[in-house]
Amino acid sequence: MQTAGMRRHATSALPWDAARALAHAAATPLAPCSLPLADAVGSVLATPLVAPSAVPPVDRSAMDGYAVCGSGPWRVVGVVKAASGLVRPLEDGQACTIVTGAAIPAGTTAVLPDEEAVVSAAGQAGMVAGPVSSGRHIRRAGEECAAGETLLPAGVAVEPQVLGLAATLGLDRLTVIPKPLVASLVTGDELVHRGPSGPGRVRDAIGPMLPGLISRAGATAAPLVHLPDSRTALVDALTNTDAHLILVSGSSASGPADHLRAALAALGAELIIDGVACRPGHPQALARFDDGRLVLGLPGNPLAALTAFLTLGVAALQRLRGQGLPPLPVAPVPGGLACHPHSTRLVPVRVGPQGVVPVGHGGSAMLRGAAGADALAVVDPGPAEAIAARLLPLDPGARPWGV
């Protein structure tokens with residue numbers, strides 16, 4: 001790292017959209033690795049998911065019942081179990097009992113489900129009848145995918161259903177971009193971590209939020225660290241933290257207890273963003289060390305810290321995960337939302353069929369509004385009221401609404 005002072009590549013109070021895009025561009029995607037399926041959930045596919053063979057590999061029964069040949073009634077001539085090998089072909093008028101997933105015998109024209117079968121006698125020599133149509137309840141070879149077919153592109157988040165699909169394909173490992181590691185440094189001599197606030201003391205509301213936000217954004221949260229209002233303590237913590245993204249809460253403004261910029265300067269970090277023109281959340285900062293680690297300065301007020309994480313933190317994490325910065329959906333605002341002449345407003349709202357409705361309690365120190373909201377309405381600067389707004393999900397892991 002450089003120690004001659006912080007390199008400033010930032011301009012004060014960047015527009016909200018520009019700051020979000022710059023935070024995304026400032027990160028470098030993590031190197032791909034191969035992980036066992038059990039460890040890959042939450043990561044991102046680094047390469048397309050390609051089927052090594054057809055699924056299913058042979059024609060299979062989609063129901064418990066009878067594999068039949070021709071039109072009924074049929075004489076039951078055998079039993080096919082899921083784990084059994086090949087059986088002799090069926091001839092016209094013959095049937096065999098079969099279970100779901102078992103390979104159907106050659107000559108099978110349909111599968112008659114148990115609940116629709118009329119059995120006239122017990123045993124293999126019995127007769128069975130029921131309604132069928134050609135090909136009914138047969139899962140054909142390659143019905144789900146053919147060998148060599150691309151099923152998912154690179155960049156898809158590995159959810160549990162993706163793991164199930166990979167297992168269906170016979171895969172035991174996936175090549176993924178792993179989840180970034182995020183450290184949280186919460187500063188403040190005035191903070192208390194148990195019980196209520198009091199004169200000169202403030203209950204820490206940001207620390208309890210961060211692990212869940214980090215997890216929902218597709219990253220791994222390192223244990224939370226509380227620091228006093230000390231430049232030396234902050235420099236030491238930044239030096240000894242190996243996380244890909246370091247969140248520093250309560251030290252990003254310019255007051256006497258705000259040491260982040262001085263600490264970054266002492267460590268030779270590159271200041272990329274120095275303030276964002278948004279309300280709440282203006283005094284946020286983003287810096288980068290020579291080794292690629294990012295430092296995000298969060299404001300000390302809870303809602304301002306939340307908006308800063310959703311603005312810059314989520315954008316940086318998406319890039320670390322190898323993902324693009326998705327556009328935000330737009331929703332109507334039936335009652336309108338007042339614009340600020342110079343700054344983007346971030347307003348807690350509920351999303352409904354007719355659009356969005358503000359829930360109130362959107363001051364920078366308040367979390368009541370955010371706790372009852374679905375999203376933050378992104379209200380662009382302007383001279384009048386906004387009748388439509390983009391939606392920034394309060395849950396970083398949520399998919400955008402189709403509004």
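The values are calculated or read from the model by the stated rules, or taken from the named source; none is laboratory data. These numbers come from a predicted model, not from an experiment. As a convention, Cβ positions derive from the backbone with ideal geometry for all residues, glycine included, and neighbour counts pool all protein chains shown. Ligands, DNA and RNA are excluded from the accessible area calculation, which covers all protein heavy atoms including side chains. Shrake-Rupley method; radii C 1.70, N 1.55, O 1.52, S 1.80 Å.
Observations
- Residue within the range 109-120 that is in contact with a Cys (Cβ under 9 Å, 6 or more places away or on another chain), of a type in the set (Asp, Glu) and more than 19 Å from ALA141 (Cα to Cα) present: no
- The criterion of being over 23 Å from the mean Cα position of the chain (by Cα) and of a type outside the set (Asp, Glu) holds for GLY336.
- For GLU149: the one exception among (1) open to solvent by 60 Å² or more (accessible area, probe 1.4 Å); (2) of a type outside the set (Val, Ile, Thr); (3) touching a residue at least 24 places away in the same chain (Cβ under 8 Å); (4) over 30 Å from GLY218 (Cβ atoms): (4)
- Selection of first residues in the range 196-216 that are touching a residue at least 12 places away in the same chain (Cβ under 8 Å) and among the charged types (D, E, K, R) and of second residues that are surrounded by fewer than 17 Cβ atoms within 10 Å (Cβ to Cβ) and part of a loop (DSSP other than H, G, I, E, B), restricted to Cβ pairs under 7 Å at least 6 apart or on distinct chains, gives the following pairs, ordered by first then second residue: ARG203/PRO196; ARG203/SER197; ASP204/HIS193; ARG216/ASP395; ARG216/GLY397.
- Of note, ALA219 satisfies the criterion of being within 19 Å of the chain's Cα centre (by Cα) and either open to solvent by less than 10 Å² (accessible area, probe 1.4 Å) or without any contact (Cβ under 8 Å) to a residue 12 or more places away in the chain (or both).
- Failed condition for LEU234, given (1) open to solvent by 40 Å² or more (accessible area, probe 1.4 Å); (2) in the same structural domain as ALA315 (by TED's automatic domain parsing): (1)
- Residue list for the range 161-175, restricted to those being touching a residue at least 60 places away in the same chain (Cβ under 8 Å), open to solvent by 80 Å² or more (accessible area, probe 1.4 Å) and part of a helix (DSSP H, G or I): none
- Of the candidates ALA154, ALA205, ALA167, the single residue that is touching a helix residue (DSSP H, G or I) at 6+ places or on another chain (Cβ under 9 Å) and in the same structural domain as ALA40 (by TED's automatic domain parsing) is ALA167.
- If you filter the range 350-362 down to residues that are assigned to a loop (DSSP other than H, G, I, E, B) and exposed (fewer than 15 other Cβ atoms within 10 Å of the Cβ), you find that the one that is nearest to the chain's Cα centre (by Cα) is PRO353.
- Between ALA365, ALA316, ALA370, the distinction of being touching a residue at least 24 places away in the same chain (Cβ under 8 Å), closer than 23 Å to LEU286 by Cα and assigned to a helix (DSSP H, G or I) belongs to ALA316 only.
- Residues of the range 274-302 that turn out to be in a loop (DSSP other than H, G, I, E, B) and small (Gly, Ala, Ser), as a count: 3
- Remark: CYS69 matches the filter, which requires a residue to be open to solvent by 10 Å² or more (accessible area, probe 1.4 Å), without any contact (Cβ under 8 Å) to a residue 60 or more places away in the chain and in contact with a strand residue (DSSP E or B) (Cβ under 8 Å, 6 or more places away or on another chain).
- Among residues of the range 96-116 that are assigned to a strand (DSSP E or B), those with a beta-carbon under 6 Å from a residue that is open to solvent by 20 Å² or more (accessible area, probe 1.4 Å) and of a type in the set (Phe, Trp, Tyr) at least six positions away or on a different chain give the pairs THR97/TYR66; LEU112/TYR66.
- Residue within the range 310-322 that is open to solvent by 20 Å² or more (accessible area, probe 1.4 Å) and modelled with pLDDT under 95 present: no
- Some residue of the range 71-81 being closer than 30 Å to LEU151 by Cβ and out of contact with any His (no Cβ under 7 Å at 6 or more places or on another chain): yes
- Scanning the range 16-62 for residues that are surrounded by 19 or more Cβ atoms within 10 Å (Cβ to Cβ), assigned to a loop (DSSP other than H, G, I, E, B) and hydroxyl-bearing (Ser, Thr, Tyr) gives a single hit, SER43.
- Subset of the range 373-388 (residues that are assigned to a strand (DSSP E or B), open to solvent by 10 Å² or more (accessible area, probe 1.4 Å) and either in contact (Cβ under 8 Å) with a residue 60 or more places away in the chain or of a type outside the set (D, E, K, R) (or both)): ALA386, ILE387, ALA388
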